[in-house]
Amino acid sequence: MADEVRTRFDLQPDQIPSAWFNLMPDIVQAGMEPLPPLSPQTREPIGPDDLAPLFPMSLIGQEVSTEQWIDIPGEVIDIYRLWRPSPLFRATRLERALDTPARIYFKYEGVSPAGSHKPNTAVPQAFYNREAGIRRIATETGAGQWGSAMAMACSFFGLECTVYMVKASYEQKPYRRIFIETFGGEVLPSPSERTNSGKAILAEHPDSTGSLGIAISEAVEDAATHADTNYSLGSVLGHVLLHQSIIGLEAQQQMEMAGERPDVIVGCVGGGSNYAGIAYPFMAGKLRGETPDLRFVATEPAACPTLTKGTFAYDFGDTAQIAPIVPMYTLGHDFVPAPVHAGGLRYHGDSPSLSLLVKHGYMEAAAYTQNQIFEAARQFATTQGIVPAPEPSHAIKGAIDEALAAKEAGEERVILFNLCGHGHFDMQAYDDFLNGRLPEVEFDVADEEAALVNLPEVPIDV
Ligand SMILES: Cc1ncc(COP(=O)(O)O)c(C=O)c1O
């Protein structure tokens, strides 16, 4: 009898990592200089005290930490056990459909209660805020995945949760709104009348479909103007990427179980957290010179091509210029991406550390249109049985392209990608795709040029 090919690699509950992994020491060691965030008012570097109106000191400490490992609190690990360790699969049926010599592995984060990787950071963020005596969290959500995760985490720790939901998603994904409300969260379509930032946008653009940049402004303003309320962000920031490192730490153990070393690691990038989560523990090997040939491919929508068409510059994290100015790839904080279904990838910027890795050539990037990624999603669903969210469908498309390139080259490559969420709340998007109603949204360089005019004038040298 032929050897059976193993397609699923599970860790035991006691193999959940007990510490998160911080890549910053390796980034510095490799000679890359992380630039400081700047105050939106003074344009001077900001310190921990400047962030105190928004975040608890424990998270600020993690944001600036130079420690390689940071212990995960026991209470957080207990909640992680609801869905962690998450499984790693080999996609043999997809491999056969592609007739490729490549072996494709994927880590599946859609097993979390909220359906994506987002609870990996929502839970510790709610934990540290509860420890600091905070009563309410204000946050934003793009696709609704982050809002779902944060509302769930807040309900675990007895916190109230206000979610500013990008209006395009609020209208496209009513079930995400109801999911958040089920956990007791309050959901407002953004731009809203609740904040000055929202009112200002509505005055100028009454039909605004919103953007993550606008929703962030609203949530930050809400938190900054209420003493009992903190702000929480589901991506971009260092502590968010840190919490997501649990994905890659588990994946490393699972790839070892499979007896494989990846040749290329693919993920989708909105602000960078799920991709950094799977990639950074492996990236350490590349930065240390142990795995110099390991490739990293970040994927993004052609309608919001931050890494492939953006500029590396200091820019505001939000539209109303309330959030800190950070060094990153950006399309300009005024850039409002077309309302593509991958709502979680509609952000004008990206994480500073991930941007730095792209800038220095340690990471590549690729952009795809809506129909390309839904075609990949359909091929994945019909072969592997999981209906993916539109966001990780970019990663699937990237992985398929890598597998086809391996076929072309006649090479057995090992591909690992992060399937960061299921698409069970994205049926409208699938309906549009299946019925040929998805516009092939093109990126308009003129819009970016208009938005880049408003970049803060801060010189950058890396
Ligand atoms: C399912 C899903 N994937 C990806 C993202 C993008 O965020 P990040 O790049 O931080 O993983 C989001 C953000 O909302 C999301 O909901």
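The values are calculated or read from the model by the stated rules, or taken from the named source; none is laboratory data. Keep in mind that what you see is a predicted model, and the values were worked out from it rather than measured. FYI the Cβ positions are ideal-geometry reconstructions off the backbone, even for glycines, and counts take in every protein chain you see. All accessible areas refer to the heavy atoms of the entire protein, side chains included, with ligands and DNA or RNA removed. Shrake-Rupley method; radii C 1.70, N 1.55, O 1.52, S 1.80 Å.
Along Cα→Cβ, 7 Å out, is where each label goes; now give me the distance between the ones at THR291 and ALA200 in nm to one decimal.
Here the modelled spin labels are 4.5 nm apart.
Once ligands and nucleic acids are excluded and a 1.4 Å probe is used, how much of HIS205 is accessible, expressed in Å² to the nearest 10?
So the heavy atoms of HIS205 present about 100 Å² to solvent.
Tabulate in residue order the Karplus-calculated ³J(HN,Hα) for segment 336-352, using 6.51 cos²θ - 1.76 cosθ + 1.60 with θ = phi - 60°, rounded to whole Hz; enter x for Gly and Pro.
Coupling constants for segment 336-352: 10, x, 4, x, 6, 5, 7, x, x, 10, 8, 10, 6, x, 7, 4, x Hz.
Hey, can you grab everything whose amide H is under 5 Å from the amide H of GLY423? Only 5+ residues off in sequence or another chain; H modelled, so Pro and N-termini drop out.
VAL387, ALA389
Please list, by residue number, every one of the trypsin sites (Lys or Arg not before Pro) in segment 76-147 that is coil in DSSP and has at most 14 other beta-carbon atoms within 10 Å. Could you put the intermediate results ahead of the total?
Details: sites: ARG81, ARG90, ARG93, ARG96, ARG103, LYS107, ARG130, ARG135, ARG136; in loops: ARG81, ARG135.
Passing both the DSSP loop test and the Cβ count: ARG81, ARG135.
Over the heavy atoms of THR182, what accessible area does a 1.4 Å probe trace out, to the nearest 10 Å²?
THR182 has an accessible surface of roughly 110 Å² with all protein chains in place.
What are the ³J(HN,Hα) couplings of segment 300-310, residue after residue, when phi is run through the Karplus curve with 6.51, -1.76, 1.60 and θ = phi - 60°? Round to Hz, x for glycine and proline.
Along segment 300-310, the couplings run 8, x, 4, 7, 9, x, 4, 7, 8, 10, x Hz.
Which FRET efficiency value, to the nearest 0.05, is calculated for THR383 and GLU193 with the Förster distance at 35 angstrom and r the Cβ-Cβ distance?
On the way: r = 47 Å, r/R0 = 1.33.
The pair THR383/GLU193 has a calculated efficiency of 0.15.
Considering only protein heavy atoms and a probe of 1.4 Å, how much of the accessible area of the chain is carbon and sulfur, as a whole percent?
Working: 8600 of 17260 Å².
For the chain, the apolar C and S fraction of the accessible surface comes to 50 percent.
Assigning unit charges at the beta carbon (Lys, Arg +1; Asp, Glu -1) and nothing else, what dipole magnitude in debye, to the nearest 20, does segment 131-204 show about its Cα centre? Provide the component values of the computation, followed by the final result.
Values: 8 positive and 8 negative charges, 15 e Å.
Dipole size: approximately 80 debye.
Answer rounded, prolate or oblate for the chain, using the Cα gyration tensor with square roots of eigenvalues a ≥ b ≥ c: rounded when a/c is under 1.5, else prolate when a/b is larger than b/c, else oblate.
On the way: a/c = 1.38, a/b = 1.29, b/c = 1.07.
Rounded, because the longest to shortest axis ratio a/c is under 1.5.
Measure nothing fancy, just the Cα-based angle from helix 212-224's long axis to the longest principal axis of the chain, in degrees from 0 to 90, nearest 10.
That helix lies at roughly 50 degrees to the long axis.
Compute the length gained on full extension between ARG261 and GLU449: take 0.36 nm times their separation in residues and subtract their Cα-Cα distance, giving the result in nm to one decimal.
Numbers: separation 188, 0.36 × 188 = 67.68 nm, distance 4.15 nm.
Between ARG261 and GLU449, full extension yields 63.5 nm more.
For the chain, give me the percentage of DSSP beta bridges that are antiparallel, rounded to the nearest 5 percent.
Rounded to the nearest five, the antiparallel share is 35 percent.
With a probe of 1.4 Å, find how much accessible area the chain has per residue, and write the answer as a whole number in Å². Mind showing how you got there, number by number?
Working: 17260 Å² over 462 residues.
Per-residue accessible area for the chain comes out at 37 Å².
Quick check: the angle from helix 390-409's long axis to the longest principal axis of the chain, C-alpha only, nearest 10 degrees?
The answer is roughly 30 degrees.
Can you pull the one-decimal nm distance between simple spin-label points at GLU442 and VAL462, each 7 Å off the Cα toward Cβ?
It is 3.0 nm.
Amide H to amide H, which residues 5 or more places from VAL264 or on other chains are under 5 Å from it, using H placed in the peptide plane?
Sorted by chain and number, the residues that satisfy this are ARG295, VAL414, LEU416.
Would you tally the net charge around THR209, using a Cβ to Cβ cut-off of less than 9 Å, leaving THR209 out, and scoring K and R as +1, D and E as -1?
Values: positive: LYS167; negative: GLU171, ASP207.
Within the 9 Å Cβ shell, the charges total -1.
Sort THR66, THR7 by heavy-atom solvent-accessible area, probe 1.4 angstrom, most to least.
Working: THR66 110, THR7 55 Å².
Output order, biggest surface exposure first: THR66, THR7.
Can you tell me how segment 336-433 classifies by the Cα gyration tensor, rounded, prolate or oblate, using a/c under 1.5 as the rounded cut?
On the way: a/c = 2.04, a/b = 1.07, b/c = 1.91.
Oblate.
Could you work out the local net charge near THR66, counting Lys and Arg as +1, Asp and Glu as -1, over the other residues with Cβ closer than 14 Å to its Cβ?
Numbers: positive: none; negative: ASP26, GLU33, GLU63, GLU67.
Its environment carries a net charge of -4.
Helix 119-131: angle to the longest alpha-carbon principal axis of the chain, degrees 0 to 90, nearest 10?
With both axes taken from Cα atoms, the answer is about 40 degrees.
Within a Cβ distance under 15 Å of LEU345, other residues only, what is the Lys/Arg minus Asp/Glu net charge?
Details: positive: LYS118, LYS173, LYS309, ARG346, LYS397; negative: GLU140, GLU300, ASP350, GLU391, ASP426.
Result for the local shell: 0.
Using a 1.4 Å probe on the protein heavy atoms only, what accessible surface does VAL326 show? Give it in Å² to the nearest 10.
30
In deg cm²/dmol and to the nearest 500, what is the mean residue ellipticity at 222 nm of the chain if only DSSP H runs of at least 4 residues count, each as -39500 (n - 2.57), divided by the residue total? Provide the component values of the computation, followed by the final result.
Values: 19 runs with 191 residues, N = 462.
Rounded to the nearest 500, it is -12000 deg cm²/dmol.
For segment 324-389 and segment 59-95, write down the distance between their C-alpha centroids in whole Å.
Here the answer is 21 Å between Cα centres.
In nm², what is the average projected area of the convex hull enclosing the Cα atoms of segment 187-328?
Working: hull surface 44.2 nm².
That works out to 11.1 nm².
So which cysteines in the chain don't have a second cysteine's C-beta under 4.7 Å from them?
Within the chain, the cysteines lacking a partner Cβ under 4.7 Å are CYS268, CYS304, CYS420.
Please report the relative contact order for segment 89-221, taking Cα pairs under 8 Å with a sequence separation of at least 6, and give it as a percent rounded to a whole number.
Details: 223 pairs, mean separation 26.8, N = 133.
Here the relative contact order equals 20 percent.
Of the peptides 241-250, 388-397, 369-378, 170-179, how do they stack up when ordered by the mean number of other Cβ atoms within 10 Å, highest first? Spell out each step's value before the answer.
Values: 241-250: 26.7, 388-397: 30.1, 369-378: 21.2, 170-179: 19.3.
Top of the packing list down: 388-397, 241-250, 369-378, 170-179.
Relative contact order for the chain using alpha-carbon pairs under 8 Å, separation at least 6, rounded to a whole percent? Walk me through the intermediate numbers first.
Numbers: 1013 pairs, mean separation 89.5, N = 462.
The normalised contact order for the chain reaches 19 percent.
Mind checking the dipole of the chain: about its Cα centre, +1 per Lys or Arg Cβ, -1 per Asp or Glu Cβ, Debye to the nearest 20?
On the way: 32 positive and 60 negative charges, 212 e Å.
With only Lys, Arg, Asp and Glu charged at Cβ, the dipole is about 1020 debye.
What nm distance separates the two modelled labels at GLN12 and GLU186, each placed 7 Å from Cα along Cα→Cβ?
Placing both labels 7 Å beyond Cα along the Cβ direction yields 4.7 nm.
Which of the listed residues, ILE16, MET57, GLY47, is farthest toward the dipole's positive end in segment 9-59, when Lys, Arg count +1 and Asp, Glu count -1 at the beta-carbon?
Of ILE16, MET57, GLY47, it is GLY47.
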